[in-house]
Amino acid sequence: MGLLRGDRSAQQRRWRLTLNASGAGNPDLYLQLGTNAPTTGSYLKHSLGEATDTLTLTDTEATPTDYVVGVYLPSGGPVNFTLTSEDHYLTTLPWDPGIADAGMATYTNTSSTGGDYFFKLVTENTDLGMWRIALRVTSGEANLYLRYGALPTITTYDYKSDRTGSDGLVRPFSGGAGQTWYILVKAAAGAQWSLLSGDIFVTDLGAVATNAASSSGLSAIPPEGLRYFKTTIPTETLAWRLWLQNAAGSATWNTNIYVRKSLPPHPESAAYYEQNRTGQALLVPPLPRSGRQRPQLPRGPRQSRRHLPTRLPPADHHGHRLRFHHQQCHPRRIPLSYLSRASAGAAKGLGSGCGRAQRQSRLCPAAKPGAQ
């Protein structure tokens, strides 16, 4: 075991230690209070089996006295290691207002040590009732953990996102302003990433047009896994068509579309959306008239210790590039007999009286690959 001795003054009330190594083995990190060396059976704190070991002493834990740091190699060797000591372990993350897709109050990492990075977030009231946390990874790997009122670990958290690459989540917001949450970013050495948390970003598509003019153009699913749009339904609209295309505009992208009037939808529960379709939808009377509709698509995998969904989608959609199209269906092309059947039967979604191809030919022009 390699030993290093140091002392903490009364002014140094926080401490972060990281250990990175290379060679034929993976050493572990130990810390002991006082002047005695730590052992594998006697220590104040330790970190085992991590690619980057991290030990953190908080304001209340960092006693101004002597400490001994031990680096222990269970087997193998030789190894070369780098031990980094910092006086800072917790960063206050500002609340992002949600007016830009990439965020306006973003923390950008400049550290190359990797390991555990802790953030404190005090919530503000949301404008739309949804809250996003986005970890955008531009190189290397990093994962995200969130906990209310206390520092999270990789085993103790309220929510987590540990996909390969960028991570994030969107949560229905409750509890109001002034809540204190803590975020852990666990990053590989050399990883580069940025972090933001706050209001969701929503793309305004304006009023629904009678052609594809009000569609989104090429868009990408952000780290938080959900892309939001909003639109206005004109009073004369008798039917509303929505569909997704792949980035090339050559095929339908069969993933979920959620729709809700006035507020953003969320896939966690039917209480948070009014319509849910896959790939494309034709919504006919009774339509929510003259209001702000908020389509949302799609959801990426996420896990929640408090609100675990009954089914998680199988694919990671972050970074997927897509085109979201929507338009009115021209009133003169909708047979009154069909509207009567829709109102009496399948009034809240796609009519059940004919197949998809028939519905498209009778109500709206077919989707054209590459349409903008």
Give, rounded to the nearest 20 debye, the magnitude of the charge dipole that region 111-167 has about its Cα centre when Lys and Arg contribute +1 at Cβ and Asp and Glu contribute -1 at Cβ. 20
Can you divide the C-alpha Rg of region 46-130 by 2.2 N^0.38 Å and report the result to two decimal places? 1.54
How large, in Å, is region 187-269 by the Kirkwood hydrodynamic radius built from its alpha-carbon pairs? 15.5
Compute and list, largest first, the equivalent-ellipsoid semi-axes of region 90-199 from the alpha carbon gyration tensor, each √(5λ) rounded to a whole angstrom. 22, 15, 12
Got a sec? Which residues in region 61-90 would a label at Lys45 touch, if it sits 7 Å along Cα→Cβ and we count backbone N under 20 Å? 61-73, 82-90
Work out from phi, with θ = phi - 60° and the Karplus expression 6.51 cos²θ - 1.76 cosθ + 1.60, the ³J(HN,Hα) of each residue of region 222-227, listed in order in whole Hz, and give x for Gly and Pro. x, x, 6, x, 10, 10
Take the residue pairs Lys160/Lys261; Lys120/Lys186; Lys160/Lys186 and return only those whose Cα atoms are more than 18 Å apart. Lys160/Lys261
Quick one: which residues, 5+ away or cross-chain, put their amide H under 5 Å from the amide H of Trp193? H built at 1.01 Å from N. Asn109, Thr138
Name the long-range amide H neighbours of Glu124: under 5 Å, sequence gap of 5 or more, or other chain; modelled H, no Pro or chain starts. Gly178
What is region 2-86's relative contact order, in percent, from Cα pairs under 8 angstrom and six or more apart in sequence? 49
Only four residue types carry charge here, +1 at the Cβ of Lys and Arg and -1 at the Cβ of Asp and Glu. Report the dipole size of region 68-168 about the Cα centre in Debye, rounded to the nearest 20. 180
Could you run the Karplus curve 6.51 cos²θ - 1.76 cosθ + 1.60 with θ = phi - 60° over region 244-255 and give me ³J(HN,Hα) per residue in whole Hz, x for Gly and Pro? 10, 10, 5, 4, 6, x, 9, 7, 5, 9, 8, 9
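Just so you know, all these numbers are worked out from the coordinates, no wet-lab data involved. Just so you know, these numbers come straight off a predicted model, no measurement behind them. So basically every Cβ, Gly included, is an ideal-geometry build from the backbone, and we count neighbours across all protein chains shown.
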